[in-house]
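Quick note: the coordinates plus some simple rules give every number you see, no bench work behind them. Not measured: the values here are computed from a predicted model.
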Amino acid sequence: MKNLYIRKYKDSDLDSVIDIWLEASIKAHDFVDPKFWEDKVDEMRNIYIPKSETWIYEDNKEVLGFFLYMVIRWLLYLLNQSIKAKVSEVN
């Protein structure tokens with residue numbers, strides 16, 4: 001029997017959340033070099049996840065997914081950094 005539920009993030013979820021985020025980012029943005037996302041792992045681990053409200057979707061204590069909510073200024077910062085990276089590649 002499945003034991004699916006959503007709960008608040010705990011620090012012990014960090015590695016699972018990072019793994020899911022990295023795999024999903026690489027698959028969803030296959031036109032971007034995976035190294036770009038790999039280079040963002042420390043930022044996710046040390047900046048964005050700690051400053052966000054995160055909820056975990058799990059089954060029998062296995063993290064299957066997550067929902068992360070951040071204040072809009074962080075989303076704009078991420079967008080800004082992505083644009084800067086693309087402009088740097090062109091120049």
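The table that follows gives values for the structure above.
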| quantity | calculated |
| --- | --- |
| Chain lengthening between residue 27 and residue 61 when straightened (0.36 nm per residue, less Cα-Cα) | 9.8 nm |
| Three-way shape call for the range 1-52 based on the alpha-carbon gyration tensor, with the a/c threshold at 1.5 | oblate |
